[in-house]
Amino acid sequence: MSNYFLTTPIYYVNAKPHLGHAYTTIVGDALARWHRLLGEDVHFLTGTDEHGLKIQQAAEAAGRTPQEFTDAIAPLFQQAWQRLNISNDDFIRTTEERHKVGVAKLLQACYDAGDIELDVYAGKYCVACEEYYTDDELLDGDLCPIHKRPVEYFEEENYFFRLSRFQDRLLRWYAEHPGAIVPEFRANEALGLIRGGLRDFSVSRTSLQWGIPLPWDPRHVAYVWFDALANYITAVGYGSDDERFHTWWPGRHLIGKDIIRHHCVYWPAMLLSAGIEPPAGWAVGGWLLVGGEKMSKTSGNVVNPLDLIDDIGLDGFRYYVLAETPYGHDGDFTYEGLTARYNSDLANNLGNLLSRVATVVGKQCGGIGPAPRADSPLAEAAAEALAATTEAWGAVQPHRALDATWHMIRATNAYLEANEPWKASPGPDVDAVMGDALEALRMVAVLASPAIPDTCQTVWERLGLPGRVDEQRLPAAAVWGGYPGGLTVTKGSPLFPRR
Ligand SMILES: [Zn+2]
């Protein structure tokens, strides 16, 4: 059995979970579920990033210790992911002991390799980014390009990671691992950053208390990158359980386009320095914008994903997130788009197909589902849907995967309209058409289950099929002819009432 270790970014606990967090996490969940269907041994990790100056400051402002502060926020993420039906196998908090020992080990390995050195840094620093900026990166002379607020001048003794030494090694590694970053245009961005020249980056602060001390110089606290990025290895045992670490690493990362530099340049260089294999791959997503802007507290356009579940249902929301935006590109969230997707793809296509099939089977077939024909006209569409769906999930393109699965739904609805079994008398002709339609629905339930798992389980049960849809294994479970016939088909209430 092959191992598939997938991660989301860990989310900074200075804000509650919003639509942007939910977007990446739902994509990760669907991918993890798809790979489980393929029979792979999947480990899906998410978590929270809990150290740093912003948390220290936010905790002080709230009159709490940083630990109390993060202990109050981290569960909000865990609860949100439960409500979104996220199937993560682990949830790491960077304040956990397993993480601290792993970070110390990684830092020490890079220090022992000679790639971390003490130096003095002076420069313009954005507290919100926890990043220094050069003059040509700033807006209007002194504004952070991300936060559009004034940067501060800092001068301090820091340890630096000598990223500047890694240009050739990184370019060679990427040349030897084509396709490591998808989509390809995002890979070109990462390679452009490396070819453009690499600057050493600071890995410690003496001004910071809320973090992990450097093992060889505890006056300094590790800051941001060594602390946050290391979660991907500390969660699977780096520094605490070697055997477990070697079982799962290297993993695959889902990241947002704004963190390409840190994940696709800093992180593999840090790992190469420490003698660890870089990640198996990265899938880089765009932003889910609201009103054309990135969601942020300052823009006042934060959308709470849990409110959207209340509006449109869990699977309505999950489907929209996966189907609407080509992964890798920016999407623009709108309530109109959410409702339009729901009505067209879920209510009118999937929901309507199940409803009409169950109705006709109830009236013309005595409520017992007939078996499909081996030479059904739908068999070819089914084979195409399986192939195209598989290809698209493999390329981390959920919107294409769902379109390929929905092609099967559209073909089946067209087949029913051409044959009009609801007008025919009961008999072998109606049985043949309905057996084909039931088999198509069975396949759709399997193929769509990574995106809308609860709905697909309901479809599975209404077709009279035993067990769980998520226990099916591909490709066998999507080969034409799997519906056995002779099962009781249940109509039930509409899957997706029109909005
Ligand atoms: Zn900033």
Looking only at lysines whose Cα falls under 20 Å of Lys148's and that sit 8 or more positions away or on another chain, we get Lys54, Lys124, Lys257, Lys294, Lys297
By the Cα gyration tensor axes a ≥ b ≥ c (a/c under 1.5 gives rounded; else a/b larger than b/c gives prolate, otherwise oblate), the shape of segment 69-216 is rounded
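Calculate the all-directions average of the projected area of segment 277-320's alpha-carbon convex hull, and give it in nm².
Details: hull surface 20.5 nm².
Spelled out: convex hull of the Cα atoms, projected over all directions, averaged, 5.1 nm².
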How far apart, in nm, are the 7 Å Cα→Cβ label points at Asp135 and Val479? 6.9
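Say R0 is 22 Å: what FRET efficiency, to the nearest 0.05, do Lys257 and Asp41 get from their beta-carbon distance?
Working: r = 30 Å, r/R0 = 1.35.
Taking R0 as 22 Å, the efficiency between Lys257 and Asp41 is 0.15.
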Using a Förster distance of 60 Å, how high is the FRET efficiency between Glu68 and Ala383, based on the Cβ-Cβ distance and rounded to 0.05? 0.60
Taking placed amide H atoms and a strict 5 Å upper bound, the residues 5 or more places from Arg373 or on another chain that come that close are Asp436
Please give the charge dipole size of segment 329-418, origin at the Cα centre, charges +1 on K and R Cβ atoms and -1 on D and E Cβ atoms. Round to the nearest 20 debye. 460
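Rounded to the nearest 20 debye, what is the charge dipole size of segment 390-466 about its Cα centre when +1 sits on each Lys and Arg Cβ and -1 on each Asp and Glu Cβ? Mind dumping the intermediate values first?
On the way: 5 positive and 10 negative charges, 35 e Å.
In debye, rounded to 20, segment 390-466 gives about 160.
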Taking the Cα atoms of segment 16-139 alone, what are Rg (to one decimal) and Dmax (as a whole number) in Å? 18.5, 52
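If you count the DSSP beta bridges with both ends in the chain, what percent of them are antiparallel, to the nearest 5?
Numbers: 25 of 48 bridges.
Percent antiparallel among DSSP bridges in the chain is about 50.
Once you charge only the Cβ atoms, +1 for Lys and Arg and -1 for Asp and Glu, what is the size of the charge dipole of the chain about its Cα centre, to the nearest 20 debye?
Dipole about the Cα centre, nearest 20: 1100 debye.
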Using a Förster distance of 35 angstrom, determine the FRET efficiency expected from the C-beta separation of Arg499 and Glu184, and round it to 0.05. 0.40
Packing-based ranking, highest mean first, of 380-389, 170-179, 9-18 given that Cβ atoms within 10 Å are counted: 9-18, 380-389, 170-179
From the residues Gly114, Ser344, Pro268, which one has its Cα farthest along the dipole of the chain in the positive direction, the dipole being from +1 and -1 charges on Cβ of Lys/Arg and Asp/Glu about the Cα centre? Ser344
Just need the Rg to Rh number for the chain, please, alpha carbons only, Kirkwood Rh. 1.04
With the full set of protein chains in place, find how many percent of the accessible area of the chain is carbon and sulfur; take the probe as 1.4 Å. 50
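Per residue, how large is the accessible surface of the chain? Use a 1.4 angstrom probe and give square angstrom.
On the way: 19790 Å² over 499 residues.
On a per-residue basis, the chain sits at 40 Å².
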Cα centroid separation - segment 244-284 against segment 93-168, whole Å: 18
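The values are calculated or read from the model by the stated rules, or taken from the named source; none is laboratory data. Computed from a prediction, not measured in an experiment: that's the story for all the values here. FYI the Cβ positions are ideal-geometry reconstructions off the backbone, even for glycines, and counts take in every protein chain you see. Areas reflect the complete protein model, heavy atoms only, side chains present, ligands, DNA and RNA absent. Shrake-Rupley method; radii C 1.70, N 1.55, O 1.52, S 1.80 Å.
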